[in-house]
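Here is the structure we will look at.
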Amino acid sequence: MTGAAKFGDFERTIGPHMGAAYNLARWLLRESADAEDVLQEAFMRAFRYFDTFHGERARSWLLAIVRNTCWSFIARRGEPEEAFDDERDSAAVLPLQLTPEPEAQLLRADQAKRIQEEVAALRPEFREAFVLRELEGMSYKEIADVTGAPIGTVMSRLSRARRELQARLGGAARKASVS
Amino acid sequence: MMTCAEASPLVELELDGELDARSVLELREHVARCPTCTRQAASLRALSEAARAHLRRFEPPPGFEDRLLRRVRPRTSRRAWAGAALGLAAAAAVLVALPRRDALVEQAVAAHARSLQLDHAMDVATSDQHTVKPWFEGKVGFAVPVRDYAAEGFELAGGRLDYLDGRPAAALVYRHGKHLLNLFILDADGARDAAPAGGNVRGFSSWRWRSGGLRFLLVGDVSGPEMEALARRMAAER
């Protein structure tokens, strides 16, 4: 394949998903200035690896590259994100709350609007799972493909993200029960 | 009989559409009798709805796609692409100018997803366009152009009456391997013709255009390039 033909093919394949790529990078990096640099790097990688792309789901394929590039960037930037250990932390977290207080259950309109900042404050593993699920409408399998985590891990991250959000949005009174 | 301990983890799976039909029934049976699980389900649903309604989808700044593709393009082929760059810039401008997820596209995607879930994709199931076309007469207020694209791999499977934008719309169903696609057709209300524009909503790709006084929305989950080719082919003929 000539360079131009390959590029044309590449452009048609990833073109429809550039918006999703940008959105994910913004949610992971939290800085718009970084997003464009990181995405340029990600797209260059994607183009380099494009020969190994065999027409499986283009969105998951591209977002996996974007996601990994973002994570390397965050590591380089030396962000003080505490590493999350799925095995260690999930076990401690996941006893499902069967009887939370009723008043904490339903979101009032003003609380719902705070969801933006609360999702931004989640640990990156939870944030990406939640954003891929709710904004991109991805299935567990697709999220697993993008993040390179097993489906069971995706499920527990998503569940944990929701529980934290419920607690944080459900009123300051219950803050203590999660952290 | 399902217990709370069994039901609780399934509530989230159901919300995410990851639970099989049989378990959904068992779960609903339990939830109907259990106030705790009812509350949990309502709370999770409210959270999900709040996220979809209020969570920001960051849109790329103007010219972003064009800028990035230009930098990624290999040097050897830049000359060949110089001529195309103008067209690309124009296309990028159109993409930026159009809202990415307008309400009608959202509705079309929802209607598409519904048609897949309910196993009710077609009111009239036939690959014969001469049967499908008259079936719509009197149901929508315009003549529905019906064509088969079997030669391109998209076989007409039937038609269905749907509702978009609060009024009847014709939905033509095409089969592509295991995938179903919906082509929604509505009155364009006198709006001018518009070239196909594509987008992505919740994992489905959608293409829309206007032609001959009608508005078309094509929704499916086949690969981007195939969808685009089909949309352009359809738009060119109508």
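The values are calculated or read from the model by the stated rules, or taken from the named source; none is laboratory data. Small disclaimer: the values here were computed from a predicted structure and weren't measured. We place every Cβ from the backbone using ideal geometry, glycine too, and count neighbours over all the protein chains shown. Quick note on the areas: whole protein, heavy atoms, side chains included, nothing else; ligands and nucleic acids left out. Shrake-Rupley method; radii C 1.70, N 1.55, O 1.52, S 1.80 Å.
Structure notes:
- In segment B:28-37, residue nearest to the other protein chains (Cβ to nearest Cβ) [restricted to those that are part of a helix (DSSP H, G or I) and farther than 19 Å from A:L158 by Cα]: B:T36
- The lone exception for B:F216 - which of (1) within 13 Å of another protein chain (Cβ to nearest Cβ); (2) out of contact with any Ser or Thr (no Cβ under 9 Å at 6 or more places or on another chain) it fails: (1)
- Screening B:L44 against (1) in contact with a Ser or Thr (Cβ under 7 Å, 6 or more places away or on another chain); (2) at pLDDT 90 or above leaves a single unmet condition, (1).
- Scanning segment B:17-27 for residues that are assigned to a helix (DSSP H, G or I), without any contact (Cβ under 8 Å) to a residue 12 or more places away in the chain and open to solvent by 30 Å² or more (accessible area, probe 1.4 Å) yields B:A21, B:R22, B:L25.
- Odd one out for B:L218 among (1) in contact (Cβ under 8 Å) with a residue 60 or more places away in the chain; (2) of a type outside the set (S, T, N, Q); (3) closer than 20 Å to B:A150 by Cα; (4) in a strand (DSSP E or B): (1)
- Test: residue in segment B:5-16 that is open to solvent by 40 Å² or more (accessible area, probe 1.4 Å), part of a helix (DSSP H, G or I) and facing chain A (nearest Cβ under 10 Å): yes
- Only one of the numbered conditions (1) crowded, with 20+ Cβ neighbours inside 10 Å; (2) farther than 22 Å from B:K133 by Cα; (3) not hydroxyl-bearing (S, T, Y) is violated by B:A170, and that is (2).
- Verdict on B:G199 being at positive phi, buried (at least 18 other Cβ atoms within 10 Å of the Cβ) and assigned to a strand (DSSP E or B): no
- Count - residues of segment B:29-47 that are surrounded by fewer than 16 Cβ atoms within 10 Å (Cβ to Cβ) and under 30 Å from the mean Cα position of the chain (by Cα): 2
- If you go through segment A:1-28 and pick out every residue that is open to solvent by less than 20 Å² (accessible area, probe 1.4 Å), more than 27 Å from the chain's Cα centre (by Cα) and within 7 Å of another protein chain (Cβ to nearest Cβ), you end up with 1.
- Among (1) open to solvent by 60 Å² or more (accessible area, probe 1.4 Å); (2) more than 14 Å from every other protein chain (Cβ to nearest Cβ) - the single one B:E226 does not satisfy: (2)
- Scanning segment B:173-196 for residues that are open to solvent by less than 40 Å² (accessible area, probe 1.4 Å) and more than 17 Å from B:M122 (Cβ to Cβ) yields B:L186, B:A188, B:A191, B:A194, B:P196.
- Residue ID - surrounded by the fewest Cβ atoms within 10 Å (Cβ to Cβ), chosen from residues in segment B:48-76 that are within 24 Å of the chain's Cα centre (by Cα) and in a helix (DSSP H, G or I): B:A53
- Residue count, segment A:156-166 (criterion: open to solvent by 10 Å² or more (accessible area, probe 1.4 Å) and under 13 Å from the mean Cα position of the chain (by Cα)): 1
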